[in-house]
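Engineer: Just dropping this structure here.
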Amino acid sequence: MYVFETYLDLRQHAAHKLPNLPKTLEGVISQEKFEKSRAYSIDKSNFHFIHEFVTIVMDSAILLFGVLPWFWNKSGDILESNGLNAENEIYHTLAFLGGVMIWSQITDLPFSLYSTFVIEERHGFNKQTFWLFIRDMIKGMFLGVIIGPPIVAAIILIVQKGGPYLAIYLWGFMFVLSIVMMTIYPVLIAPLFNKFTPLPEGELRSKIETLASSLEFPLKKLFVVDGSTRSSHSNAYMYGFLKNKRIVLYDTLIQQCKNVEEVVAVIAHELGHWKLNHTMYSFIAVQVLTLLQFGGYTLVKNSKDLFLSFGFDTQPVLIGLILFQHTIIPIQHLVSFGLNLVSRAFEFQADAFAKQLGYAKPLRDGLVKLQEENLSAMNTDPWYSAYHYSHPPLVERLAAIDEADKKAD
């Protein structure tokens, strides 16, 4: 997978270096923005090559030298030295995961710091201070310590007691967990990192509420999030179940799209996903894939050969899940590729939906503005984008909007 994806990365790197805009974007994107976008994309690409190389070397070394089984045994020794029972699989697993979390933070920290405070800073995107960065990291670790143990304990108990219906029980647990997390994340967790305030009364709020009402979208709350405290990148999203929907706008989106109609067009696109049931279809697809994945795990969870091949002389539940994930990485990437194809089709449909509502021009202008302000890649390799992108490149989206115009004419 590393060799294949590096080949695609090289193709995309070559596309970043192209000196001219795609013909579709000539006269649409300024030369100044193109040069800035090109420099930003090349910087990120160079960094990506280094990060991926270091990652594959570390992962390969961990497998080759048996670091995982060594650390599993060492975590048991640490438990016993502190008067705890290493035979208790839940305690043992939590000690193991605690060490893995610390190791991951240590090894990933230099890359996160460089990405944030060198690359993003150099190109004018980073807005957070070093202490805000550290505070966010500590909050994330704290949440992991609070939320992780009950989930890990539940998974271990389900596997131990699940019997022939293990896959269904695991899927049911993860289904309920996903619903709970989607419910509490925007209310309890997201506010720990960002400030959410109601969108002030005015033309923008009025037009969004009118649009939502015309589509019978059950909008309950409309927020602005202070994304600008960390980055000048922009976005918008919606969340909620049944009759309790909320829309969140990044303050940077409002700042960048000074024309109210452009912001409303972006929201019309998002509402298109809801109206066309894209969110529901995606959720169902994820649930089916999760069930199939757990079904595959139940077939190999008692395989001594699987554990021995990775250096384990015991068969801990969570280790079995980790090893199973390692073995099906190629399949996961194929599935991800298929989901990306579906997602890209959904994006075209949502664009067409916004166009049918009369937002063709503001949507086009808004997409161009977001592309410019975020310095997104202007030239994309078709193989790379087909494999990695869940959203079509701007060139393809504009072409689809224009093509619809030509057909109408």
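The values are calculated or read from the model by the stated rules, or taken from the named source; none is laboratory data. Everything numeric in this text was worked out from a predicted model, so none of it was measured. Cβ coordinates were reconstructed from backbone atoms using ideal geometry, including for glycine residues, and neighbour counts include every protein chain displayed. Ligands, DNA and RNA are excluded from the accessible area calculation, which covers all protein heavy atoms including side chains. Shrake-Rupley method; radii C 1.70, N 1.55, O 1.52, S 1.80 Å.
Engineer: How big is the accessible area of ASP136 in square angstrom, nearest 10, if you roll a 1.4 angstrom probe over the protein chains?
Structural biologist: Looks like 30 Å² after rounding.
Engineer: Label-point separation (nm) for GLU35 and ILE189, each offset 7 Å from Cα along Cα-to-Cβ?
Structural biologist: 4.3 nm
Engineer: Taking θ = phi - 60°, what integer Hz values does the Karplus form 6.51 cos²θ - 1.76 cosθ + 1.60 yield along the stretch 299-304, in sequence order, with x for Gly and Pro?
Structural biologist: Calculated HN-Hα couplings, in order: 6, 10, 5, 9, 7, 5 Hz.
Engineer: Cα-based count: Lys pairs in the stretch 194-256 below 15 Å, eight or more positions apart or different chains? Spell out each step's value before the answer.
Structural biologist: Numbers: LYS195/LYS221; LYS207/LYS220; LYS207/LYS221; LYS220/LYS243; LYS220/LYS245; LYS221/LYS243; LYS221/LYS245.
Going through the stretch 194-256 pair by pair, I get 7.
Engineer: Over all Cα pairs of the stretch 56-152, how is the pair count split among 5 Å bins, expressed in % and running from 0 up to the last occupied bin?
Structural biologist: Percent of pairs per bin, in order: 2, 11, 15, 18, 16, 15, 10, 7, 4, 2, 0.
Engineer: Treat every Asp and Glu Cβ in the stretch 194-256 as -1 and every Lys and Arg Cβ as +1, leave all other atoms uncharged, and give the resulting dipole magnitude about the Cα centre to the nearest 20 debye. All intermediate terms of the calculation are to be shown ahead of the outcome.
Structural biologist: On the way: 9 positive and 6 negative charges, 54 e Å.
With only Lys, Arg, Asp and Glu charged at Cβ, the dipole is about 260 debye.
Engineer: Considering the chain as a Gaussian network with a 10 Å cut-off on Cα pairs, which listed residue, LEU18, LEU242, LEU219, attains the greatest mean-square fluctuation?
Structural biologist: LEU242
Engineer: Pulled fully out, how much extra length does the chain show between SER343 and PHE4, if you take 0.36 nm times their separation in residues and subtract their Cα-Cα distance? Display every interim value, and only then the final one.
Structural biologist: Working: separation 339, 0.36 × 339 = 122.04 nm, distance 2.22 nm.
Gain on stretching SER343 to PHE4: 119.8 nm.
Engineer: Specify which residue in the list ILE322, MET181, LEU242 is farthest towards the positive end of the charge dipole of the chain, using unit charges on the beta carbon of Lys, Arg (+1) and Asp, Glu (-1), about the Cα centre.
Structural biologist: LEU242
Engineer: Using the crude model of +1 on Lys and Arg Cβ and -1 on Asp and Glu Cβ, and no other charge, please compute the dipole size for the chain relative to its Cα centre, in debye to 20. It would help to have the intermediate numbers written out before the result.
Structural biologist: Details: 34 positive and 38 negative charges, 146 e Å.
The calculated dipole for the chain is roughly 700 debye.
Engineer: Calculate, for the chain, the solvent-accessible area per residue in square angstrom, rolling a 1.4 angstrom probe over the heavy atoms of the protein chains.
Structural biologist: Numbers: 22090 Å² over 409 residues.
Solvent-accessible surface per residue comes out at 54 Å².
Engineer: Ok, one more. Divide the volume of the convex hull of the Cα atoms of the stretch 194-256 by its number of residues and quote the answer in cubic angstrom per residue. The partial results should precede the final answer.
Structural biologist: Numbers: hull volume 5.3 nm³, N = 63.
Convex hull volume per residue, Cα atoms: 83 Å³.
Engineer: If you don't mind, another one. Which net charge results when you count Lys and Arg as +1 and Asp and Glu as -1 among the other residues whose beta-carbon is under 14 Å from that of LEU170?
Structural biologist: Working: positive: LYS161, LYS301; negative: none.
So the environment of LEU170 carries a net charge of +2.
Engineer: When Lys and Arg each count +1 and Asp and Glu each count -1, what net charge do the other residues less than 14 Å away from ASP108, Cβ to Cβ, add up to? Each step should come with its number before you reach the end.
Structural biologist: Values: positive: none; negative: GLU52, ASP59, ASP136.
Net charge around ASP108: -3.
Engineer: Which percentage, to the nearest 5, of the DSSP beta bridges contained in the stretch 194-256 is antiparallel?
Structural biologist: On the way: 9 of 15 bridges.
Percent antiparallel among DSSP bridges in the stretch 194-256 is about 60.
Engineer: On C-alpha positions alone, give me the angle between the axis of helix 360-373 and the longest principal axis of the chain, in degrees, nearest 10.
Structural biologist: 60 degrees
Engineer: Counting Lys +1, Arg +1, Asp -1, Glu -1, what net charge surrounds ASN20 among other residues with beta carbon under 12 Å of its beta carbon? Don't skip to the end; give the middle numbers.
Structural biologist: Working: positive: LYS17, LYS23, ARG38; negative: GLU26, GLU35.
Summing Lys and Arg as +1 and Asp and Glu as -1 gives +1.
Engineer: With a ≥ b ≥ c the root eigenvalues of the C-alpha gyration tensor of the stretch 167-231, is it rounded (a/c under 1.5), prolate (a/b larger than b/c) or oblate?
Structural biologist: Values: a/c = 3.85, a/b = 1.58, b/c = 2.44.
In terms of gyration-tensor shape, oblate.
Engineer: Also, quick follow-up: Please arrange TYR359, TYR165 by accessible surface area, largest first, computed with a 1.4 Å probe and ligands excluded.
Structural biologist: Working: TYR359 35, TYR165 130 Å².
So the residues, ranked largest to smallest area, are TYR165, TYR359.
Engineer: Using 0.36 nm per residue, how much length does the chain from LEU289 to ASN20 gain when fully extended, once their Cα-Cα distance is taken away?
Structural biologist: Full extension of this stretch gives 92.7 nm more.
Engineer: In whole Å, what is the distance between the alpha-carbon centres of the stretch 346-409 and the stretch 297-332?
Structural biologist: 42 Å
Engineer: Turning to a different aspect of this structure: Over the Cα atoms of the chain, each weighted equally, I'd like the Debye log10 I(q)/I(0) at q = 0.09, 0.10 Å⁻¹, rounded to two decimals.
Structural biologist: -0.69, -0.86
Engineer: Oh, and also: Please give the FRET efficiency for SER336 paired with LEU113, using the beta carbon to beta carbon distance and R0 = 25 Å, rounded to the nearest 0.05. Walk me through the intermediate numbers first.
Structural biologist: Values: r = 28 Å, r/R0 = 1.12.
The formula returns an efficiency of 0.35 here.
Engineer: Antiparallel as a % of all DSSP beta bridges within the chain, to the nearest 5? Write down the numbers at each step before the final one.
Structural biologist: Details: 10 of 17 bridges.
Of all bridge pairs located within the chain, approximately 60 percent are antiparallel.
Engineer: When the accessible area of the stretch 194-256 is computed with all protein chains present and a 1.4 Å probe, what percentage of it is carbon and sulfur? It would help to have the intermediate numbers written out before the result.
Structural biologist: Values: 1730 of 3210 Å².
It is 54 percent, rounded to a whole number.
Engineer: Please say if the stretch 278-409 is rounded, prolate or oblate, where rounded means a/c under 1.5 for a ≥ b ≥ c the square roots of the C-alpha gyration tensor eigenvalues, and otherwise the choice is prolate for a/b larger than b/c and oblate otherwise? Before the final figure, lay out each step's value.
Structural biologist: Details: a/c = 3.89, a/b = 2.67, b/c = 1.46.
Judged from the Cα gyration tensor, the stretch 278-409 comes out prolate (a/c at least 1.5, a/b above b/c).
Engineer: Counting only Cα atoms, I'd like the Rg/Rh figure for the stretch 207-361, Kirkwood definition for Rh. Present the calculation step by step, with values, prior to reporting the outcome.
Structural biologist: Details: Rg = 21.4 Å, Rh = 18.7 Å.
Dividing the radius of gyration by the Kirkwood radius yields 1.14.
Engineer: Where the Cα atoms of the stretch 1-99 are projected onto their three principal axes, how long is each span, largest first, in whole Å?
Structural biologist: 70, 24, 17
Engineer: Would you work out which of VAL263, SER343, TYR387 lies farthest towards the positive end of the dipole of the chain? Charges go on Cβ: Lys and Arg +1, Asp and Glu -1.
Structural biologist: VAL263
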